[in-house]
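The values are calculated or read from the model by the stated rules, or taken from the named source; none is laboratory data. Being a predicted model, the structure only gives us computed values, none of them experimental. So basically every Cβ, Gly included, is an ideal-geometry build from the backbone, and we count neighbours across all protein chains shown. Each accessible area value is taken on the protein alone, full model and side chains, heavy atoms only, with ligands, DNA and RNA left out. Shrake-Rupley method; radii C 1.70, N 1.55, O 1.52, S 1.80 Å.
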Amino acid sequence: MTQRKRLSNVQSSSQSKRQSNSFMTQEEDEDATFTQPSTSQVQRGLEKLTAAQVDQKTAEVVQYILVKDQKKIPVRRADLVKHVIKDYRTVYPEIIKRAMLTFEQVFGLKLVEIDSKNHMYVLVNNLDASTARPSPVERPSNPKMGLLFVILSVIFMKGGVVRENLMWNTLKKLRVDPGQRHEEFGDVRKVITDEFVRQRYLEYVRVPHTEPVEYEFRWGQRSDMEVSKAQILEFMGQLLEQDPQSWTQQYREAHSTASSSQASSSNHR
Amino acid sequence: MSRELGDGHRRFLQTLMAVGVTDEQEARALYQHCCDTHTMQCIPDKLDEFIEAINSRLQPMFMQIRKGMSEENGRQYYALVNMAETDITRMTSDYADNELELFRKTLDLIVSSENGKASSTDILNSTDTMTSKKLKKSETEHLLTRLVQDNWLCERRGEYTLSTRCIIEMEPYIRTMYQEQVKVCHICHNIAFQCQICENPSCGIKIHNPCVARYFKGRVEPRCPACDDFWPHEIPEVRGLRSQSKR
Ligand SMILES: [Zn+2]
Ligand SMILES: [Zn+2]
């Protein structure tokens, strides 16, 4: 399915804001038909295949995941099996193992499961970024990533969760009005509540027991892995001309080993 | 032979994947940078060997870093090519079916033209013969802008040409699809779109503009390297290495 078609599907499937919800249920059902084969099943499966066949399938898996990653779309195991693995289901674990090895050895990337319930995978950078100097060749910077960085900063500074209204008001102060078409971002509300959510940079969920219905934002799993909280604090410090250490709680969180080690090894991709 | 890669190789590959295409100078700077970052030995003239090592590991994935010349300025560029899908199908994740049809039509126009260009008017007119959902004028214009942004086409004064990256990535596809029409440059033997053509009807060889510049440089009376007829076209200047970057 092309991304374009996927988008129109999402739009038409539901007019409500929680479009991804109805989408997810359907995905889970599909995935339920796939069961991990056992080690002996894999062994028997491999005996029936030539080395070239296994190599070919591994290459297809690597390419499929790379294409999805370019658009920052997490890969669902169900899709991978349906569109690429196909008749090779019995040797799925072996092929994924080889694909992961290729990502690490050739591309310096790591395939990570960000959602163990729905079996969703993303690629993160596996190269040590702590010593990296600015590269002489840069991808033209994506203005949407700037917007995302601001949103993540707001959430982080407010303790990890922010109500929708507060987010929109904060963005309005920065002259980004979710109710109006933005010159660079287009439909701002859609970029934030749909695109960033699908890419797993943000979580956008309904607050229980609210009438009228209210939503709140949190960091998505990809942000946890790819965005350094220390860098966010550094950015806020410069913006507000304040010492990052003065935000005691945030500073502690940003420099606790658990959160910073993950992000520093994955860089900004 | 596949070789062990270091993190320098991996960083080089990641950067190339992110930017799509780089010219030779950028590639050299990037090579240096990757070696420095990961404390690898950087031998200045060994960029091609460095890339060869990466290619040896990309080959089983049907991918390759390939070098090609810009028809615009004659400089060398590097692009990561997907050998499994060297045709238009690789664009299906970004473009709708009718958009791809129009891109194919644009490709037809460019290949069958003498100078490797298609005017926006001709492209707009070609929507009349579309078999999939016809694109409106504004949609076509928007699509052309996207194709330029995504680095498949280049635009200058309302005329569209294939980008260097597009030629490097789709050369095998274009060669198979347009066997009859496609000509190669008499000098560098690469596929030729923007070029000069020998006016001797029994010859008609093509030479890229930058190849013309290099080949005829300093010659008093330019003659066709194939039939020895007088070469009647204006001989372009050899462009300096540091001219503006056109991918
Ligand atoms: Zn040539
Ligand atoms: Zn001739």
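Observations
- In segment B:7-89, Cα pairs under 8 Å separated by at least six residues give a relative contact order of 32 percent.
- Distance between the pseudo-spin-label points of B:Ala18 and B:Lys134 (7 Å out from Cα toward the beta carbon): 4.5 nm.
- 25 Å Cα-Cα threshold exceeded, pairs from A:Lys110/A:Lys158; A:Lys48/A:Lys97; B:Lys67/B:Lys137; A:Lys71/B:Lys46: A:Lys110/A:Lys158; B:Lys67/B:Lys137; A:Lys71/B:Lys46
- Neighbour net charge for A:Pro244 - beta-carbon separation under 14 angstrom, K R +1, D E -1: -2
- When accessible surface is computed with a 1.4 Å probe, chains B and A are found to bury approximately 2700 Å² between them, both chains counted.
- Counting only DSSP H runs of at least 4 residues, each contributing -39500 (n - 2.57), and dividing by the residue count of the protein assembly as shown, the helix-based mean residue ellipticity at 222 nm comes to -13500 deg cm²/dmol.
- Longest stretch of chain B clear of exposed loop sites (GluC sites (Glu not before Pro), DSSP loop, at most 12 other Cβ atoms within 10 Å, sites excluded): B:5-113.
- Centroid-to-centroid separation of segment A:40-93 and segment B:1-74 [C-alpha atoms, Å]: 27 Å
- Cα→Cβ-extended label distance, 7 Å offset, between B:Ile197 and B:Gln181, nm: 1.2 nm
- Percent RCO, i.e. relative contact order, over segment A:143-227, from Cα pairs under 8 Å lying at least 6 residues apart: 28 percent
- Note on B:Glu114 and B:Arg3: with the Förster distance fixed at 51 Å, the Cβ-Cβ geometry gives a FRET efficiency of about 0.70.
- Whole-percent carbon and sulfur share, accessible surface of segment A:143-227, 1.4 Å: 49 percent
- Set of lysines with alpha-carbon distance to B:Lys206 below 19 Å, sequence-local pairs under 8 removed: B:Lys117, B:Lys183, B:Lys217
- Segment B:149-199: trypsin sites (Lys or Arg not before Pro) in DSSP coil with no more than 13 other Cβ atoms inside 10 Å: B:Arg157
- Extending 7 Å from Cα along the Cβ direction at A:Ser40 and again at B:Tyr173 yields two label points whose distance is 4.7 nm.
- The apolar share of the surface of chain B, taken as the fraction of accessible area on carbon and sulfur atoms (1.4 Å probe, ligands and nucleic acids excluded), comes to 46 percent.
- Set of aspartates and glutamates with alpha-carbon distance to A:Lys82 below 15 Å, sequence-local pairs under 8 removed: A:Glu27, A:Glu28, A:Asp29, A:Glu30, A:Asp31, A:Glu60
- Look at the alpha carbon pairs under 8 Å that are at least 6 residues apart: their mean separation over the length of chain B gives a relative contact order of 17 percent.
- A P(r) calculated from all alpha carbon pairs of chain B, with 5 Å bins opening at zero, reads 1, 6, 12, 15, 16, 15, 13, 10, 7, 4, 1, 0 percent.
- Those trypsin sites (Lys or Arg not before Pro) in segment B:37-143 that DSSP places in a loop and that have at most 16 other beta carbons within 10 Å: B:Lys133, B:Lys134, B:Lys136
- Extension gain, A:Gln56 to A:Lys172, is 36.7 nm, computed as 0.36 nm per intervening residue step minus the present C-alpha separation.
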